[in-house]
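Step one of this worksheet: look at the structure below.
The values are calculated or read from the model by the stated rules, or taken from the named source; none is laboratory data. Since the model is a prediction, treat every value here as computed from it, not as a measurement. Note that we place each Cβ from the backbone using ideal geometry, even for glycine, and neighbour counts take in every protein chain shown.
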Ligand code: SF4
């Protein structure tokens, strides 16, 4: 059996990138989501507006799920993780 090599994606470690670069990459990832996967603009803005006024938002992340809310809100299949969903 061939020996498996250990593959490490060093780009996954946040300390490897400065904050600005990380958020540009996150923004590019969101921009490149397929229409099939991505929420429409109106829904996206509604979701982010809810997050912006939510006490669970901290530094761009939802403290309940650990997601960056801009990414979570951009995905059709995702929902607000709060017990009483805000979106
Ligand atoms: S996803 Fe829901 S709980 Fe998390 S910050 Fe947004 S509105 Fe708040």
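The table below lists the values:
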quantity: Residues located in region 47-62, provided they are surrounded by fewer than 15 Cβ atoms within 10 Å (Cβ to Cβ) and part of a helix (DSSP H, G or I); calculated: 49, 52
quantity: Conditions (1) within 16 Å of the ligand (Cβ to nearest atom); (2) at pLDDT 95 or above; number of the one not met by residue 40; calculated: (1)
quantity: Which numbered condition residue 75 fails, given (1) surrounded by 12 or more Cβ atoms within 10 Å (Cβ to Cβ); (2) near the ligand (Cβ under 10 Å from one of its atoms); (3) at negative phi; calculated: (2)
quantity: Positions within region 1-33 being at pLDDT 85 or above, exposed (fewer than 10 other Cβ atoms within 10 Å of the Cβ) and part of a helix (DSSP H, G or I), in sequence order; calculated: 20, 28, 31
quantity: Pair list, Cβ < 6 Å and 6+ apart or interchain, from region 36-62 residues that are under 16 Å from residue 86 (Cα atoms) to residues that are within 10 Å of the ligand (Cβ to nearest atom) and in a loop (DSSP other than H, G, I, E, B); calculated: 47/87; 50/86; 50/87; 56/63; 56/64; 62/56
quantity: Count of residues meeting criterion [in a loop (DSSP other than H, G, I, E, B) and more than 9 Å from the ligand (Cβ to nearest atom)] in region 63-72; calculated: 1
